[in-house]
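Okay, so here's the structure we're looking at.
Here, each number is a calculation from the coordinates, and none is a lab measurement. Source: prediction; values computed, not measured. Cβ: placed from backbone, ideal geometry, glycine included. Neighbour counts: every protein chain shown.
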Amino acid sequence: MRHNSTIGGVPPPGGATPARLMTPARLMLMPLYHAREGSAMPTGSLPRQSLSRFLEHVRALLRLKHLSRTTEEVYVSRIRQFIEFHGRRHPSILTAKHVRQYLTHLAVTDNAAASTQNLARSAILFLDRDVLEAPLPPLDGVAPARRPERLPVVLTREQVKALLAHLAGTPRLMAALLYGSGLRLMECLRLRVKDLDFEYGQITVRAGKGDKDRRTMLPRALGEPLRRQLERARLLYEQDRRDGVAGVSLPHALERKYPHAGREWPWHWAFPAAQLSTDPRTGTVRRHHIGEDVLQRAVKAAIQKAGIPKAASCHTLRHSFATHLIEDGYDIRTIQELLGHQDVRTTMIYTHVLSRGGRAVRSPLDGDQ
């Protein structure tokens, strides 16, 4: 973000702006400012309409890199907030000092968590490196916020049974999958028919965290419930084909490479939504998968009804899956592969939350109990 390119029509000292510094993003921003007389830096504010056009350019680059929709929304939101925090000044002239001021505001004024600060920092790095293509190393001296180590919340086996007992229908089946297969929430919602292998008893997770594929087990106890779920999903699929509804969305460029695949049964969602919706990226009316808030609300209500005194959520079922497998004596490397962890140290944290506290050391107060 620190460069000597022309801003607001004023060239840098010493001559014309090198062509390599004139990226599309900078060319887009050039006419949007008015510089002080004799100054090489702009002082005006970026009009809101122009800022919106610039952020659409940012969004296009995020999609070009195949980043998730969630990442796209977070990055665009943080970049907008960063620019507006500094009075909508030209982002090309905002330095590491301005980044520190913004991150300090997040930490001190907004009391943001370390993870939120690091997301904001990553968004600004993307702005600096990929959008503005700054020629200098970005954000020197701005270190990531240190995330505190937290032990995951884990339910006992009895608490898991109580939670599932207060769920019914599709939410119960999805919650059982989170616990029985160790899936993340969105991994469960995005399952397609072809990802369920009943013969081999396994589930293929496509484009999980870090855009990685992996395989995990398909619990035998869920075999029949899942088959019945696919029968219900098949009815919606056939109705959509009769009504001429567009096929389901496909990842990346597969929709262009295989234009009819979205209307084929193997690509259909295992947990389709009851109503059609408009794709926010393309404007196409099609059937999406069930929304994440449906399962989140159902699990939250079940936790309250079951009287479980823990700050649990859908992700707690995944934590419980890993912890209970360790309790049963399964190899930590096997559990790492099932969870899709890149580093085994991430999986090792579950060894600290086993059924006996204090690192499995017996308290002297318990005596011979």
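The table below gives the values:
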{"read-out": "Note, ³J(HN,Hα) from phi for the stretch 86-97, Karplus 6.51, -1.76, 1.60, rounded to Hz, x at Gly and Pro", "value": "9, x, 6, 6, 4, x, 5, 9, 7, 9, 4, 4"}
{"read-out": "For His289, distant residues with modelled amide H under 5 Å away", "value": "Ala273"}
{"read-out": "J(HN,Hα) series, the stretch 178-192, from Karplus relation 6.51 cos²θ - 1.76 cosθ + 1.60, nearest Hz, glycine and proline x", "value": "4, 7, x, 10, x, 7, 6, 4, 5, 5, 5, 5, 8, 4, 10"}
{"read-out": "Distance violations [Cα-Cα > 19 Å] among Lys212/Lys257; Lys65/Lys209; Lys161/Lys310", "value": "Lys212/Lys257"}
{"read-out": "Interchain or long-range residues, amide H under 5 Å from Gln202's placed H", "value": "Asp197, Leu218"}
{"read-out": "Within the stretch 222-331: Cβ-based charge dipole about Cα centre, in debye rounded to nearest 20 (Lys, Arg +1; Asp, Glu -1)", "value": "360"}
{"read-out": "Coordinate range along principal axes, alpha carbons of the stretch 244-331, Å, largest first", "value": "47, 34, 21"}
{"read-out": "Relative contact order of the stretch 45-135, pairs being alpha-carbon contacts under 8 Å that are 6 or more residues apart, as %", "value": "35"}
{"read-out": "The stretch 157-353 - Rg and Dmax from Cα coordinates, angstrom", "value": "17.5, 54"}
{"read-out": "Whole-number percent relative contact order across the stretch 163-301, with pairs defined as alpha carbons under 8 Å at least 6 apart", "value": "26"}
{"read-out": "Residue-wise HN-Hα coupling along the stretch 232-249, computed from phi with Karplus coefficients 6.51, -1.76, 1.60 (Hz; x: Gly, Pro)", "value": "5, 5, 5, 4, 5, 4, 5, 5, 5, 5, 5, 7, x, 6, 4, x, 5, 5"}
{"read-out": "Amide proton proximity set for Arg215, modelled H, under 5 Å, gap of 5+", "value": "Val205"}
